[in-house]
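Participant: Could you have a look at this structure, given as structure tokens, before my questions?
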Amino acid sequence: MKTTTFQSFAAELEDAAQACLRTLRGGLRTFSALPWPARLLAAVLVACAITVIPLALMLFATFLAIKYAVLAINKDKTTPLGD
């Protein structure tokens, strides 16, 4: 197994950052070449994604926490068998 040094770790982080910046610059170049109606639609779609995705994740986490809380409270109780 190869030992990792801080210099190699920093080089990997720098390569990843450069790749992200290259991708971002390419996307911005494509976005700036769009006509204004398409740019407006793209901006609205990005705004919806930015608001809906975190909301969905937060609701999922909230309901999951509620489910586990209810299960923890009802853990000791036994369900009576129907007669």
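Participant: Determine, yes or no, whether T5 is at pLDDT below 90, hydroxyl-bearing (S, T, Y) and open to solvent by 100 Å² or more (accessible area, probe 1.4 Å).
Facilitator: When the stated conditions are applied, T5 does not pass them.
Participant: Okay, moving on. Tell me, please, whether a residue that is at pLDDT below 90 and part of a helix (DSSP H, G or I) can be found in segment 74-81.
Facilitator: Checked against the condition, which is being at pLDDT below 90 and part of a helix (DSSP H, G or I), segment 74-81 yields no hits at all.
Participant: Just to be sure I understand the filter: pairs with C-beta atoms under 9 Å, separated by 6 or more residues or on different chains, first member in segment 1-29 and more than 30 Å from V46 (Cβ to Cβ), second member surrounded by 10 or more Cβ atoms within 10 Å (Cβ to Cβ) and of a type in the set (S, T, N, Q). Which pairs pass?
Facilitator: K2/S8
Participant: Checking the conditions here, which among L40, L21, L28, L64 is in a helix (DSSP H, G or I), open to solvent by 80 Å² or more (accessible area, probe 1.4 Å) and modelled with pLDDT of 95 or more?
Facilitator: Result of the check over L40, L21, L28, L64: L21.
Participant: Before we move on, is F6 hydrophobic (A, V, I, L, M, F, W, C) and within 25 Å of the chain's Cα centre (by Cα)?
Facilitator: Considered against the rule, which asks whether it is hydrophobic (A, V, I, L, M, F, W, C) and within 25 Å of the chain's Cα centre (by Cα), F6 comes out as no.
The values are calculated or read from the model by the stated rules, or taken from the named source; none is laboratory data. Quick caveat: nothing in here was measured; it's all calculated off a predicted structure. Here the Cβ is made from the backbone with ideal geometry for all residues, glycine too, and neighbour counts use every protein chain on show. Side chains included, ligands, DNA and RNA excluded: accessible areas come from the protein's heavy atoms. Shrake-Rupley method; radii C 1.70, N 1.55, O 1.52, S 1.80 Å.
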